[in-house]
Each structure stands twice: as C-alpha cells, then as structure tokens.
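Bear in mind these aren't lab numbers, they're just calculated from the coordinates by the rules spelled out. Here the structure is a predicted model, which is why all the values come from computation and not from measurement. Glycine also receives a Cβ, built like all others from the backbone with ideal geometry; neighbour counts cover every protein chain displayed.
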Amino acid sequence: MSLRHVKVLMFGWEFPPYNSGGLGVACQGLVGALRHQNVDINFVLPRRVDCQSDGCHFLFAENVGNGKLSVSAINSILSPYQEKKSYKETLKQILSGKVQSLPYSNDLIDEVMRYAAAAQSIVANTDFDVIHAHDWLSLPAGMAAKNISGKPLVFHVHATEYDRVGIPGADRRICDIEREGIMNADRVITVSEYTKRRVMEAYRANKAKIRVVPNAVNIKNFQGPDVFSPLKKQGAKVVLFVGRLTFQKGPDYFLKAAKMVADLESNVYFVVSGAGDMERWLITESARLGIADRVFFAGFLRGQDLARAYKMADLYVMPSVSDPFGLTALEALASGTPVLVSRQTGASEMISHCLKVDFWDVKVMASKMIALLRYGALGDVLSQNGAQEVTKFDWDESARKCVKVYREVLTA
C-alpha cells in the first residue's frame with residue numbers, strides 16, 4: 001500500500017437519490033471529492049438501490065471490488081429515522097464472529113445489527129487499507145470490519161443521538177453504540193467544532209484523536225436563474241424551511257415565528273419542505289394558529305425541485321434545536337438566498353454573513369424575519385456576501401483533510 005494511493009472500505013446508510021436526510025448528501029459530496037485525491041472507495045450500503053453518479057462506477061454485492069468507486073449493498077427495508085430495539089448481545093456475537101447473517105426485521109436496531117453481520121463477508125472479499133464508517137447506523141459494521149481485518153477505523157460523526165432527539169429522549173442503546181465506537185475508533189471525524197465539543201462532553205472522547213472536517217456544498221447545483229412562483233408574481237414574500245420534520249430541526253419553532261410574522265405582514269407566505277414524524281402535527285398546528293392558508297407543505301424536495309425552492313425564497317430559516325452542521329444553510333447561501341440560522345448549529349460558528357438567533361427565542365426570530373423582508377438592502381447585502389462566503393466550503397478541501405486522517409492512522 002502506498003500512502004499516495006489509499007483504498008477505503010466506507011460504510012454508509014444512504015446515498016442520493018435514495019436518501020431521507022443530509023447524511024446521504026454529505027456522503028455523496030465527500031466520496032466524489034475523494035476520487036480526486038487518488039482514493040479508491042468501496043462504498044457499502046445496507047440496501048440494494050439504483051445509485052447513479054457522473055464519473056462513478058457503482059458496484060453491488062455480487063461484484064465488489066471493480067472500479068474507482070464501487071457500492072456494495074445488502075437489502076434493507078428501513079429508513080434511518082425509525083424506532084429502535086435491543087442489540088447488545090447481538091453486537092457482541094457479531095464482533096466475536098459467531099453471527100454472520102441475520103433475518104429481516106421491522107426494527108431499525110435489528111437492521112443495523114444485520115448490516116454489521118453482513119460486513120464480515122464483505123470484508124473477506126474486499127481489498128482495503130482503512131475503514132470509514134458514517135454515523136451510528138454504520139458504526140457496528142465498521143467495528144465488525146475492524147475486528148475481522150485488524151485495519152484502522154475512522155468514525156465520521158455527522159450527528160449524535162443527543163442532537164437528533166435531545167438529552168431526555170435519547171435512546172440509550174444508540175448512545176452505547178456511539179460511545180463504544182468513539183472508544184474503539186482510531187480517529188473520530190466531526191463535522192464541526194460544535195460537534196467535537198458535544199462528543200467530548202457526552203462521551204468523554206479523547207480530544208487527541210478527534211479531527212474536524214466541515215461539510216461543504218456543490219455550488220454549481222444551486223446556481224441558476226431566479227424562480228418566480230405565482231406568489232412572487234403577486235408581490236408576495238416567501239420564507240422557506242428545509243429539513244426533516246423532527247424535533248432536531250425545530251419546525252415547531254419555525255411555525256410559531258411564522259404566526260407572529262403573518263400577524264404583522266399580510267403578504268408573506270411560508271414553504272415547509274421535508275418529511276418526518278411531526279408532519280401531521282405541524283399541518284394541524286398551522287390550522288390551529290390560523291395560518292393554514294399561509295403555510296405550504298411541499299413534501300421532501302431534492303435535486304432541481306429543491307434548488308428552485310431556494311431560488312424562490314426571499315429568506316431561508318434554519319431554526320435547529322441542535323444541528324452538528326446544517327448543510328441546508330450552505331445550499332441556501334449558494335442559491336443567493338439570505339439565511340437566518342439558530343446559534344445551536346455548527347453552521348452558526350462557521351458562517352458570518354447571516355442572521356443568527358437562539359432557536360427558542362421565537363419573538364426575536366420573527367423580528368429578524370420581518371426586518372429582512374421589509375428592508376431589501378439588508379437582504380441584498382446578506383445575499384451577496386453570503387454567496388461569496390460559501391465558496392470556502394469546498395468538498396475537495398474536506399476530502400484532503402480526510403486523506404490526512406487516513407495517513408495518520410496508517411502510519412501510527
């Protein structure tokens with residue numbers, strides 16, 4: 001193995017267009033850039049999907065190992081944001097080599113364990129130098145691969161369980177998986193300093209083995225002509241929310257602020273893009289607040305539909321309760337759309353040209369939304385400077401930092 005040419009066995013859970021959140025988008029951006037760094041990647045997925053990407057060769061389980069980028073997959077029927085179940089004894093047996101396959105289940109924890117069991121045969125048929133596992137869903141598979149092969153493991157933390165559901169609602173089983181993975185990984189990558197602090201505080205992680213590799217954005221995917229919807233033709237203003245409709249992303253706080261804005265501004269409309277367990281409640285709540293005619297639920301948008309939504313908006317709001325990074329903020333900036341983000345995000349630490357607010361302070365959130373909508377000069381300045389600032393978030397730079405981490409563990 002030459003340090004100039006690294007072979008990576010990468011475990012993920014989703015990959016566009018079959019993704020239910022930002023994890024898949026981040027994996028796609030990073031994998032594409034790693035190819036430019038002379039890195040060969042076998043990307044393993046838990047389910048068989050028809051992935052396509054320009055310049056990449058995707059290979060499934062029966063053909064592992066060919067091509068610059070390949071994707072192996074085992075079949076799984078589940079989304080990464082469902083209920084979870086018991087796992088400890090199963091994981092212990094998998095790591096000991098006593099379990100090599102598991103039946104299908106309707107429980108996410110069971111499927112994560114089945115993924116880990118399947119990793120054993122994938123490892124036996126794949127040539128690699130480093131293991132790279134994304135988030136807790138892929139972590140048991142990564143740990144199994146390390147246990148079998150003796151190769152170094154890099155654990156990439158995009159979010160912790162405490163970010164996703166809050167401290168009171170955290171699933172102890174997932175916390176245990178994250179803690180064990182952090183202890184056993186040779187290096188831990190976090191997507192922001194915010195997440196680094198969270199990992200150190202929640203899991204007492206060794207600071208010496210944590211490396212921060214920020215996410216980035218493919219700017220060209222969000223550049224294009226402005227979009228004028230029927231609302232805009234009527235002179236209306238549009239405020240956009242994009243994200244999973246779950247506790248972590250704060251859509252309920254967005255709705256509360258929207259009510260305050262709607263009471264004072266008669267020609268402002270709100271578009272909510274995303275899906276999740278809060279969707280039905282949010283629709284009902286918008287009716288209870290009396291703003292059902294001002295809030296449009298667009299469902300989960302991706303690709304050109306998402307790019308058009310950003311272009312259509314006068315303001316993008318990301319009111320996350322706890323967000324390790326916040327890729328959507330970068331996507332909005334790349335679209336030339338002004339951004340308002342919560343201070344409880346990694347993006348808030350990294351972006352200067354945006355409005356910031358504590359997620360819980362809906363009065364201040366509403367007042368800043370109104371200020372931007374009323375004063376065009378403020379929006380113009382944030383749009384122009386934000387579009388320039390976002391250019392520093394480059395996937396090639398993130399890939400270079402990952403390669404540096406690979407070289408660290410290979411020469412340790």
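Starting from the range 171-182, take each residue that is in contact (Cβ under 8 Å) with a residue 60 or more places away in the chain and list its partners that are part of a helix (DSSP H, G or I) and aromatic (Phe, Trp, Tyr), counting only C-beta distances under 6 angstrom and pairs at least six apart or across chains.
Partner pairs satisfying both residue conditions: Ile174/Trp136; Ile177/Trp136.
Starting from the range 116-143, keep only residues that are among the aromatic types (Phe, Trp, Tyr), then list their pairs with residues that are part of a strand (DSSP E or B) whose Cβ atoms are within a distance under 7 Å, requiring at least 6 positions of separation or different chains.
As it stands, the answer is Phe128/Lys7; Phe128/Val8; Phe128/Leu9; Phe128/Asn42, since those pairs meet every condition given.
Quick one: in the range 124-169, which of the residues that are among the β-branched types (Val, Ile, Thr) and either out of contact with any Leu (no Cβ under 7 Å at 6 or more places or on another chain) or assigned to a loop (DSSP other than H, G, I, E, B) (or both) is surrounded by the most Cβ atoms within 10 Å (Cβ to Cβ)? Don't jump to the end; show me each part of the working.
As a first pass, look at the range 124-169 and keep what is among the β-branched types (Val, Ile, Thr): 126, 130-131, 148, 154, 157, 160, 165, 167.
Next cut, either out of contact with any Leu (no Cβ under 7 Å at 6 or more places or on another chain) or assigned to a loop (DSSP other than H, G, I, E, B) (or both) only: 126, 148, 154, 157, 160, 165, 167.
Working: Thr126: 18, Ile148: 18, Val154: 25, Val157: 28, Thr160: 24, Val165: 18, Ile167: 11.
Top of the filtered list is Val157.
Is it the case that Gln248 is surrounded by fewer than 19 Cβ atoms within 10 Å (Cβ to Cβ) and out of contact with any His (no Cβ under 9 Å at 6 or more places or on another chain)?
Considered against the rule, which asks whether it is surrounded by fewer than 19 Cβ atoms within 10 Å (Cβ to Cβ) and out of contact with any His (no Cβ under 9 Å at 6 or more places or on another chain), Gln248 comes out as no.
Does Pro225 satisfy being in contact (Cβ under 8 Å) with a residue 40 or more places away in the chain, surrounded by fewer than 19 Cβ atoms within 10 Å (Cβ to Cβ) and farther than 20 Å from Ser342 by Cα? Before the answer, list the steps.
Numbers: in contact (Cβ under 8 Å) with a residue 40 or more places away in the chain: yes; surrounded by fewer than 19 Cβ atoms within 10 Å (Cβ to Cβ): yes; farther than 20 Å from Ser342 by Cα: yes.
Yes, satisfied.
Only residues that are free of Cβ contacts under 8 Å to residues at least 24 places away in the same chain, within 30 Å of Gly376 (Cβ to Cβ) and not in a loop (DSSP other than H, G, I, E, B): list them for the range 272-321, please.
Scanning the range 272-321 gives Gln304, Asp305.
Of the residues Ala287, Ala313, which single one is on the phi < 0 side of the Ramachandran plot and out of contact with any helix residue (DSSP H, G or I) (no Cβ under 9 Å at 6 or more places or on another chain)?
Sole residue among the options that is on the phi < 0 side of the Ramachandran plot and out of contact with any helix residue (DSSP H, G or I) (no Cβ under 9 Å at 6 or more places or on another chain): Ala287.
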